[in-house]
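Enquirer: Dropping the structure in here first, questions after.
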Amino acid sequence: MRKPFCAVILAALVTASPLAAHDAVAPGWVSAWATALDLAPPPKIDVPPPPKAVIDAMRDQPKRVVPFPTSFENQTIRMVLQPTVGASRMRFQFSNAIGKPPLALSGAAVAIRGAGSAIAPGTHRPLTFGGKAQTIIPPGAIIVSDPVDLPVRPDQELAVSLYLRGKVEGATTHALGLNPAYVAPGDQSAAATLTGASEVRSYFWLTGMEVVTDRPTATIVAFGDSITDGFATSPGAHRTWPEVLARRLRERATPTGWSVINMGISGNRVLRDGAGMSGIARFDRDVLSRNGVKWMIVLEGINDINMTQMAGLPEDQRASAQDIIGGLRAIVEKAHLHGIKVMGATITPTEGLWLYNADAEATRQTVNEWIRSSGTFDAVADFDRAIRDPQRPTRMLPVYDSGDHVHPSDAGTKAMADTIDLVPFTQAAPSAVP
């Protein structure tokens, strides 16, 4: 018989040693862009394959993750990102969390992106680490570049280039990058346009960007799974719900600036590791270690629900409504201990998905009712109500459904972002940041 997770999880989170990143960085730095890291390889779970009809239907769905290399030698990687606040001074975080050997970076640079793999003339800035162009990142470590001056608007894209001279096996990645990344031969980190490049859509070792802003600015962490990650949104269009929220906040005249960083991992669960560490396990890394965080919006639980419906899933991988509630409550308690407010987001409908059944729907409804009415959260975003079909509330409104019955389309993510009440973010400026 399974025991409720709440007490065990909460005790583990409360007694864990908090990261000191908030105290270790200079005043004025705030997270402007970030991505969460996948587990590579993810833990193996022995379950039967989906029915043949489901596999056949999956073949007709667009391929969201473009195959990407896992080893490099004498190659340049140029990755595209868009910060959610503008600034003139920035620095970048690189992680070797998954790598076994130390990672030797032979060069790095940032520039305003031009067309395709090109960079805008006059914007190339070499990145240094302790004043040196080269650095080594030990296994499991994160390094931060020296600050560099480069004016950028929040609607501009940046290109971050890495040069790897030696052979590198096993990349630390975020597979669903949505934005293009280019892999080219040799050292082209300063090239105006890459030659001989192949295009993928993943992030390699790059995990964050921090900026100094000219007005009080704080960070909102969007914490979730593939729906937050933007699994079914248009690549390169910046239409994930966190990005749409960031644009709404920029358009609202307030004395405080807000950045929104996307800490979604496709396949993420509240309670168990999967494509990424569980929401419980990665909280310190993806929330507390990010500078300037004052709010987080949590949309988690659908993968816990769906995987529980898989035939043959081991008992210790299953999750009840009370298990999920316990995990979410533990995340809120930990956030509150660190002065971070939490907006809970209701879980969106999935009727039509091959894993959908009455038990899954009952679990979703129980968790959603708790999110709405328990008073645990500082605010609530009712994503369920925003995109469900009023005539059939167990499914998404078809215009908001990407076609797989679980991931919202561009229109769906916009409806989700538009339903978020901005009042909690505009009532008053945040206290000192960080």
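Enquirer: Looking only at the range 178-218, filter to residues that are among the charged types (D, E, K, R) and within 17 Å of I119 (Cα to Cα); which one of those is surrounded by the most Cβ atoms within 10 Å (Cβ to Cβ)? Let's see the steps before the verdict.
Expert: Going through the range 178-218, the residues among the charged types (D, E, K, R) turn out to be 187, 199, 201, 210, 214-215.
From what is left, the residues that are within 17 Å of I119 (Cα to Cα) are 187, 199.
On the way: D187: 16, E199: 14.
By that ranking, first place goes to D187.
Enquirer: For residues that are closer than 24 Å to D404 by Cβ and part of a helix (DSSP H, G or I), tally how many sit in the range 335-360.
Expert: Taking the range 335-360 and keeping what is closer than 24 Å to D404 by Cβ, we get 345-360.
Narrowing further to those that are part of a helix (DSSP H, G or I): 358-360.
The number of residues fulfilling the criteria is 3.
Conditions tested, residue by residue: (1) at pLDDT 95 or above; (2) over 16 Å from the mean Cα position of the chain (by Cα); (3) over 23 Å from T419 (Cβ atoms).
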position	(1), (2), (3)
R269	yes, no, yes
G274	no, no, yes
D286	yes, no, yes
M310	no, yes, yes
D316	no, yes, yes
A335	yes, yes, no
I347	yes, yes, no
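Enquirer: Being within 22 Å of A197 (Cα to Cα) and either not assigned by TED's automatic domain parsing to the domain that holds V183 or not in a strand (DSSP E or B) (or both) is true for just one of G116, G99. Which residue is that?
Expert: Every option except G116 fails the conditions.
Enquirer: If you don't mind, there's one more thing I want to ask. In the list V221, V168, V200, V152, which residue meets the criterion of being aliphatic (A, V, I, L, M) and assigned by TED's automatic domain parsing to the domain that holds S259?
Expert: V221
Enquirer: Turning to a different aspect of this structure: Report the residue count in the range 115-143 for those that are in contact (Cβ under 8 Å) with a residue 60 or more places away in the chain and either in contact with a Leu (Cβ under 9 Å, 6 or more places away or on another chain) or over 22 Å from G99 (Cα atoms) (or both). Spell out how you get there, then give the answer.
Expert: Taking the range 115-143 first, the residues in contact (Cβ under 8 Å) with a residue 60 or more places away in the chain are 116-119, 121, 124, 126, 137, 142.
Then keep just the ones that are either in contact with a Leu (Cβ under 9 Å, 6 or more places away or on another chain) or over 22 Å from G99 (Cα atoms) (or both); that gives 116-119, 121, 124, 126, 137.
Residues that pass the stated criteria total 8.
Enquirer: Related question: Which of the residues belonging to the range 224-246 are part of a helix (DSSP H, G or I) and either in contact with a His (Cβ under 7 Å, 6 or more places away or on another chain) or among the β-branched types (V, I, T) (or both)?
Expert: Scanning the range 224-246 gives S226, I227, T228, V244.
Results for (1) touching a Pro at 6+ places or on another chain (Cβ under 7 Å); (2) closer than 21 Å to V287 by Cβ, shown as yes or no for each residue.
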site: H338; (1), (2): yes, yes
site: L353; (1), (2): no, no
site: F383; (1), (2): no, yes
site: H407; (1), (2): no, no
site: P424; (1), (2): no, yes
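Enquirer: In this structure, is V332 in the same structural domain as V260 (by TED's automatic domain parsing) and either at positive phi or not in a helix (DSSP H, G or I) (or both)?
Expert: No, not satisfied.
Enquirer: Further, regarding this structure: Based on what the data block shows, is P83 touching a strand residue (DSSP E or B) at 6+ places or on another chain (Cβ under 7 Å), of a type outside the set (G, A, S), surrounded by fewer than 17 Cβ atoms within 10 Å (Cβ to Cβ) and at pLDDT 85 or above?
Expert: No.
Enquirer: Consider V221 carefully, then state whether it is aliphatic (A, V, I, L, M), outside any loop (DSSP other than H, G, I, E, B) and crowded, with 24+ Cβ neighbours inside 10 Å.
Expert: yes
Enquirer: Filtering the range 379-403 down to residues that are in contact (Cβ under 8 Å) with a residue 60 or more places away in the chain and over 14 Å from I302 (Cα atoms), which residue is surrounded by the fewest Cβ atoms within 10 Å (Cβ to Cβ)?
Expert: Narrowing the range 379-403 to residues in contact (Cβ under 8 Å) with a residue 60 or more places away in the chain: 381, 383, 402-403.
Then drop every residue that is not over 14 Å from I302 (Cα atoms), which leaves 381, 402-403.
Working: A381: 23, S402: 20, G403: 14.
Checking each candidate, the answer is G403.
Enquirer: Could you list all residues from the range 274-315 that are part of a helix (DSSP H, G or I) and either among the charged types (D, E, K, R) or in contact with a Phe, Trp or Tyr (Cβ under 7 Å, 6 or more places away or on another chain) (or both)?
Expert: D284, R285, D286, V287, D304, E315
Enquirer: Could you look through the range 363-376, keep only residues that are of a type outside the set (S, T, Y) and either farther than 21 Å from A319 by Cα or without any contact (Cβ under 8 Å) to a residue 40 or more places away in the chain (or both), and pick out the one that is surrounded by the fewest Cβ atoms within 10 Å (Cβ to Cβ)?
Expert: The initial filter retains those residues of the range 363-376 that are of a type outside the set (S, T, Y), namely 364-365, 367-372, 375.
When the remaining residues are screened for being either farther than 21 Å from A319 by Cα or without any contact (Cβ under 8 Å) to a residue 40 or more places away in the chain (or both), the result is 365, 368-369, 372, 375.
On the way: Q365: 17, N368: 23, E369: 13, R372: 15, G375: 8.
Within the range 363-376, the match that is surrounded by the fewest Cβ atoms within 10 Å (Cβ to Cβ) is G375.
Enquirer: So for the range 283-299 (the condition being more than 16 Å from D229 (Cα to Cα) and in contact with an Asp or Glu (Cβ under 7 Å, 6 or more places away or on another chain)), does at least one residue qualify?
Expert: Yes: one or more hits.
Enquirer: Of everything in the range 364-386, what is of a type outside the set (D, E, K, R) and more than 21 Å from the chain's Cα centre (by Cα)? Give them in sequence order. Reasoning before the result, please.
Expert: Of the residues in the range 364-386, the ones of a type outside the set (D, E, K, R) are 365-368, 370-371, 373-377, 379-381, 383, 386.
Within the range 364-386, Q365, T366, V367, N368, W370, I371, S373, S374, G375, T376, A386 qualify.
Enquirer: Further, regarding this structure: Between a residue in the range 341-362 that is free of Cβ contacts under 8 Å to residues at least 60 places away in the same chain and within 21 Å of P398 (Cβ to Cβ) and any residue that is surrounded by fewer than 18 Cβ atoms within 10 Å (Cβ to Cβ) and of a type in the set (K, R), which pairs come within a Cβ distance under 8 Å, given they are 6 or more apart or on different chains?
Expert: T346/R372; T346/R385; E351/R392
Enquirer: OK, next. Could we say that T363 is hydroxyl-bearing (S, T, Y), over 17 Å from V221 (Cα atoms) and not in a strand (DSSP E or B) here?
Expert: Answer is yes for this residue.
The values are calculated or read from the model by the stated rules, or taken from the named source; none is laboratory data. Bear in mind that the values here come from a model prediction, so they are computed numbers and not experimental data. Neighbour counts are summed over all protein chains in view; Cβ atoms, including those assigned to glycine, are modelled from backbone coordinates with ideal geometry.
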